[in-house]
Every structure is written in structure tokens, then in C-alpha cells.
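Have a look at the structure below before the remarks.
The values are calculated or read from the model by the stated rules, or taken from the named source; none is laboratory data. The model shown is predicted, which means the values in this text are computed figures rather than measured ones. With ideal geometry, Cβ positions are generated from the backbone for all residues, glycine too; neighbour counts draw on all protein chains shown. Side chains included, ligands, DNA and RNA excluded: accessible areas come from the protein's heavy atoms. Shrake-Rupley method; radii C 1.70, N 1.55, O 1.52, S 1.80 Å.
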Amino acid sequence: MSEQRNDLYDSRQRGSRFNRGNVGIIIFIALIIFLLVRSGFFTAEYWTSAGEKFFVNFVKDRHYMMIVKGLWATLKMTIIASLLGVAIGLVLSLIRVAYRGGAKIGILNFLANLYITVIRGTPVMVQILIWYFTIFGNVRNVDKLLVAAIAFGVNSGAYVAEIFRSGIESLDPGQMEAGRSLGLSYGKTMVKIVLPQAFKNTLPTLFNELIMLLKETSVAGYIGIDDLTRSGQNIQAITFDNTQPLLMVALVYLVMVLLLTWLMNKLEKRLRRSDRN
């Protein structure tokens, strides 16, 4: 009887939570519809005006090319920074794992910890300003996009290092012992046995870091780079429209994130199938 009562109580609790959730969603949707109606969103005049603004913002004088060029700059920064971040993160994670495994590299471990602490403890916007105005401040004709990519890569490396470290340490220590018992050196065991498994385990987290990196590049405009976000602001300054250019920028970012998420899901499914086989 007591078990039946508990089951009945649990079902009622789940039902009440489900109903409360549905009510919240309905209220939220109703509020959005109410605001859209108040703003005239469903009227013909609104859409006529929106079409005219779209022409002025993107078609007239080929303003859409500013978005295309800004997108290309954003993608270049993201690709360079992600490759640099993975390289830095891999080296730092191997240093920290080796030190915890008994290697006598205390100085390197201290520097790795210092690097991770400083980078993770300061805003990326401040870091990019330091890189451009301080470190490369006296360099003439410096490539702003390359400086930004380095800054983002160095920032990402600290987070990737922790991702790789946690992935390596989550594996069974017997993996390393098995490799060493087969006569492999520490380095070969790490490269051939440990790192492939760690990479597979951390792939979803690495993709999330890539998505975060993609969105973080939106602050590159602070050093004068016409990235995707700044391109939208440039159109905004020309047409004096505060809505459509920024909404277009947000839409492009959303599409890229959705594509990366779809790719991540595809890779995860393929990896799961390979594990079963």
C-alpha cells in the first residue's frame, strides 16, 4: 500500500510540474503575440515598411557585401584561433597530466597553471586590447585580424587545456599501464592509446568551446576589425536603422551555431556506431 501511495504521489507531482510548465509556456506565447499585435506586426503596412527598410539596408548600394566580408573575417579569426587554441591546450594538458603522474617538471607545471589562471580570470575583450595596443602597439602595419586571432587563440587555449586534461584523467589508468606493459614508451602510449580516446570523449565539449569562440570574436571590432558584428553596425550607421542590421547579424550567428551543432550531433552518432562495431 505504501509503495502504491508513493507511486501515486510521484505521478501527481510530475503531473503538476508538467501542468505548471505548460501554463508558463502558454502565458509566454500569449505575451509575445500580444506584443506583436500591439506593434502592428501582423498588418500589411508593417511588412511594406519592413520590405522597404530591407532594400535600403542590404540591397541598395550592395550593403549585403559588408555582411559577407564581415562573415569571412569572422570565420578566418575563428579557424585560426581554434587551431592555435587546440595546440596550446594540448601542450598544457600534457604538462599538467605528466606532472600529476610524477614527472619532475614543476616549473613547467607552475607556468601552465599561471597561464590558465590569468587567461581564464580576465575578460577576452581586455586581452585583445592588450595584445593590440600593448604587445603589438609599436609594430607598424600589423595585421589586425591576425592579432585578434592570436588573442582569441591564446584565450581559447586555457579552456581547451582543461578540457583535454579532464578527458585524459577520466580514462582508466589501466590504459597507460597496458601500453607500457606492451613495451611502448610514455609518449607513444599517450599518442597512440590515451589521446585518441580522450579526444573522442571530449569532442562535444570541444565543439561547445568552438561555438563559444565563434561568438566571442564579436568583440574584434574594438580594435577596428570589420567582423560580422561591426559590419552590422556599419550598415546601421549608414541607414540609421537600429533593428534590421543587428537582427541580420544575429541570424547569421544563429545559423552558424545551428550548423556546428548539427555537425557535432552527426559526429557523435558516427562515433557511437564505431564503438558498437
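Which residue, of 152, 133, is more than 22 Å from residue 97 (Cβ to Cβ) and either at pLDDT below 85 or open to solvent by 70 Å² or more (accessible area, probe 1.4 Å) (or both)? Lay out the reasoning, then the answer.
Values: 152 fails: either at pLDDT below 85 or open to solvent by 70 Å² or more (accessible area, probe 1.4 Å) (or both).
Going through 152, 133 in turn, just one is more than 22 Å from residue 97 (Cβ to Cβ) and either at pLDDT below 85 or open to solvent by 70 Å² or more (accessible area, probe 1.4 Å) (or both): 133.
Suppose we keep only residues that are of a type in the set (Val, Ile, Thr) and touching a residue at least 24 places away in the same chain (Cβ under 8 Å) within the range 185-217. Which one would you say is surrounded by the fewest Cβ atoms within 10 Å (Cβ to Cβ)? Steps first, please.
We begin by selecting, within the range 185-217, every residue of a type in the set (Val, Ile, Thr); these are 189, 191, 193-194, 202, 205, 211, 217.
In the following step, the residues that additionally are touching a residue at least 24 places away in the same chain (Cβ under 8 Å) were identified as 194, 202, 205, 211, 217.
Numbers: 194: 20, 202: 20, 205: 16, 211: 18, 217: 26.
Among those residues, the one meeting the criterion is 205.
List pairs: first residue in the range 40-60 and within 25 Å of residue 237 (Cβ to Cβ) and open to solvent by less than 50 Å² (accessible area, probe 1.4 Å), second residue modelled with pLDDT of 75 or more and assigned to a helix (DSSP H, G or I) anywhere in the structure, Cβ distance under 6 angstrom, at least six positions apart or on different chains.
Once the first residue is within 25 Å of residue 237 (Cβ to Cβ) and open to solvent by less than 50 Å² (accessible area, probe 1.4 Å) and sits in the range 40-60, its partners that are modelled with pLDDT of 75 or more and assigned to a helix (DSSP H, G or I) give 57/235; 57/239; 57/244; 57/245; 58/64.
Out of the residues in the range 61-97 that are over 30 Å from residue 115 (Cβ atoms) and of a type in the set (Lys, Arg), state the one that is surrounded by the most Cβ atoms within 10 Å (Cβ to Cβ). Spell out the reasoning first.
Initial filter on the range 61-97 (over 30 Å from residue 115 (Cβ atoms)): 61-72.
Within this subset, residues satisfying the condition of being of a type in the set (Lys, Arg) are 62, 69.
Numbers: 62: 9, 69: 14.
Step by step, filter the range 61-97, then rank; the result is 69.
Quickly run through the range 55-105 and pick out the residues that are under 30 Å from residue 186 (Cβ atoms) and among the basic types (Lys, Arg).
96, 100, 104 - these are the residues of the range 55-105 that are under 30 Å from residue 186 (Cβ atoms) and among the basic types (Lys, Arg).
Which condition breaks for residue 220 when tested against (1) surrounded by fewer than 17 Cβ atoms within 10 Å (Cβ to Cβ); (2) closer than 21 Å to residue 84 by Cβ; (3) among the small types (Gly, Ala, Ser)?
Tallying (1) surrounded by fewer than 17 Cβ atoms within 10 Å (Cβ to Cβ); (2) closer than 21 Å to residue 84 by Cβ; (3) among the small types (Gly, Ala, Ser), residue 220 fails exactly one: (1).
Among the residues of the range 101-110, is any touching a Leu at 6+ places or on another chain (Cβ under 7 Å) and assigned to a helix (DSSP H, G or I)? Don't jump to the end; show me each part of the working.
Pass one, the range 101-110, residues touching a Leu at 6+ places or on another chain (Cβ under 7 Å): none.
No - not one qualifying residue is present in the range 101-110.
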